[in-house]
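A.B. asks: Please see the structure below; I have some questions.
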Amino acid sequence: MRLNAAKSLMPNALLALALAAGSLFSPLSQAQQVYRIVGPDGKVTFSDQPPPASSNAKVSGTNTSSGGSAAPTGLPFELRQVATKYPVTLYSGENCSPCGAARSMLTSRGIPFTEKTVTTNEDIQALQRLSGAASLPFATIGSQQLKGFSDSEWTQFLNAAGYPPSSVLPSSYRRPAPTPLVSVATAPPAPAGGGNPAFVERPTPAPAATQPNDNPAGIKF
């Protein structure tokens, strides 16, 4: 995986202002759900809006982090407040040494974070939509994007967000298991009394009745 060069370091006060005011916020700030849409013609598109019920498209979904997400229960009050306002998500891949370094840094500092794995082509396309690139590791703190791993840079942003400098996690805390960035969403059942589900499977038409062969030579006009 390509490791991006560290960005220029900024004073903590400016980082805090960026996190609070959104001056460095990316388009991810408003994203709650990314939909992978496969049209009837097989064309794949990504959108933050679901397709209309009449489109007869297959839909896959991936949840993404953004400011205001619910923090895990059982955290100390101050940590829970920070994790709710600025949740941390790590996007990682297989055989990615920088991803392992980023994971170890977050774990050793006691940062409650979720991890999304990028392994399939669908995952890569979704990552490109979220970050504008296909490089790993990639992380978000609230809506702030961090591309590539730099211990000093990540530390400054975590400090600016208000995360404690060392772990205050209770011994009972268990980090959620990593999940794929894109997971197939099951079409919801049709509501009682009729309605249009997001995806409707058309029944296979019955074969046409066999007609007598009035053109055995196969001549076409």
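The values are calculated or read from the model by the stated rules, or taken from the named source; none is laboratory data. In this text, all values refer to a predicted model and were calculated from it rather than measured experimentally. Glycine also receives a Cβ, built like all others from the backbone with ideal geometry; neighbour counts cover every protein chain displayed. Accessible surface is based on the protein model in full, side chains and every heavy atom, while ligands, DNA and RNA are left aside. Shrake-Rupley method; radii C 1.70, N 1.55, O 1.52, S 1.80 Å.
A.B. asks: Going by what's in this entry, would Leu106 be described as at pLDDT 95 or above, open to solvent by less than 20 Å² (accessible area, probe 1.4 Å) and in a helix (DSSP H, G or I)?
C.D. replies: Details: at pLDDT 95 or above: yes; open to solvent by less than 20 Å² (accessible area, probe 1.4 Å): yes; in a helix (DSSP H, G or I): yes.
Yes: the conditions hold for Leu106.
A.B. asks: Assess whether Ser143 counts as being at pLDDT below 95 and within 15 Å of Val88 (Cα to Cα). Before you say what the answer is, go through the steps one by one.
C.D. replies: Numbers: at pLDDT below 95: yes; within 15 Å of Val88 (Cα to Cα): yes.
Judged against the criteria, Ser143 is a match.
A.B. asks: Any idea which of Ser92, Ser172 is of a type in the set (S, T, N, Q), open to solvent by 60 Å² or more (accessible area, probe 1.4 Å) and touching a residue at least 24 places away in the same chain (Cβ under 8 Å)?
C.D. replies: On the way: Ser92 fails: open to solvent by 60 Å² or more (accessible area, probe 1.4 Å).
From the options Ser92, Ser172, the qualifying one is Ser172.
A.B. asks: Moving on to the next point. Just give me the residues in segment 77-91 being part of a helix (DSSP H, G or I) and within 15 Å of Leu169 (Cβ to Cβ), in sequence order.
C.D. replies: Phe77, Glu78, Leu79, Arg80, Gln81, Val82, Ala83
A.B. asks: Check Leu146 against each of (1) touching a residue at least 40 places away in the same chain (Cβ under 8 Å); (2) hydrophobic (A, V, I, L, M, F, W, C); (3) outside any helix (DSSP H, G or I); (4) surrounded by 19 or more Cβ atoms within 10 Å (Cβ to Cβ) and name the one condition it does not meet.
C.D. replies: Single failed check for Leu146: (1).
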